[in-house]
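Shown next, in structure tokens, is the structure this report addresses.
Each value in this text was obtained by applying a stated rule to the coordinates, not by laboratory testing. Please read these numbers as outputs of a predicted model, since none were measured by experiment. All Cβ positions, glycine included, derive from the backbone under ideal geometry; neighbour counts span all protein chains shown.
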Amino acid sequence: MWSTRTIPLSLSFRPCTRLLQHAEHRARGFATATTSSASSPSPSPSELEPNTHYRITLRRSAISLPVRYKGTLVALGLHRRMQTVYHRHTPDIAGKILRVKELVQVENVPASAVRNKTEQRRERKAPRGYAVVGSGLELDL
Amino acid sequence: MLGAFRQTQVSLGGLLWKTPWKLSPTRKANARKRLKRVDSVIEAVRASGVECASLVKALELPKEHEMPARDKYTVFTRHARGYRKGIHKVPKWTRLTLRTNPTGF
């Protein structure tokens, strides 16, 4: 840390790939390819892919509801409120969603939008305001 | 009220539970919002193209804009005059589907 040279993000000429990915994600916006949403003016590549997965988010808890609802949420992989999971379009998942339809929010997304837990955490992280361009140990002598 | 098990008055340190007999406009608006959210969940499952028995039953449920106000804010009961009571008197009513009532009531 004492030997690291850091410069502000605006002056860096070699931003790290994670910053680039985050900038791309921000530029794309958070519009998801839902069938019920209005069509956007410019067709982006994500809208041309077929929606193959459910994005399921738990919005209401199953506290004090019968065990069958709690068990359905566990079977879907939902353990806490606001958790998001992705599942393929299959009849058994559709049945589970419909059993807890009062508790969840569902969107149809393409396969490219599927994220596992670590990927969701990485996308939630805020970017650093700087990029490391060099280290004092790497000085050419 | 007289008897062995009288309610204690609040002024004497007793507890008070008051539930209004009907929903306020805010609660009604929130109930409609929740109905629309469940409609969107059923619509998302329908749009996915998957076929299952529970989807057939879910599509038979009326949508929020198809429901009369009676069904949105009251629920059938056999014990009251008029055979209806406020839907907010049902435990966990914000997390249950209570769209249909027996025909004719």
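A few notes on this one:
- Taken as Cα centroids, the stretch B:26-91 and the stretch A:97-141 sit 36 Å apart, rounded to the nearest whole angstrom.
- Between helix B:25-47 and chain B there is an angle of about 30 degrees, using the helix long axis and the longest principal axis of the Cα atoms.
- Sorted by Cβ density within 10 Å, fewest first, the residues A:D92, B:D71, A:D140: A:D140, A:D92, B:D71
- Most fluctuating residue given options B:K33, B:K72, B:K85, as computed from a GNM of chain B linking Cα atoms under 10 Å: B:K33
- Trypsin sites (Lys or Arg not before Pro) within the stretch A:99-141, DSSP loop, no more than 14 other Cβ atoms inside 10 Å: A:K125, A:R128
- Within-13-Å neighbourhood charge of A:G71 [Cβ basis; K, R +1; D, E -1]: +4
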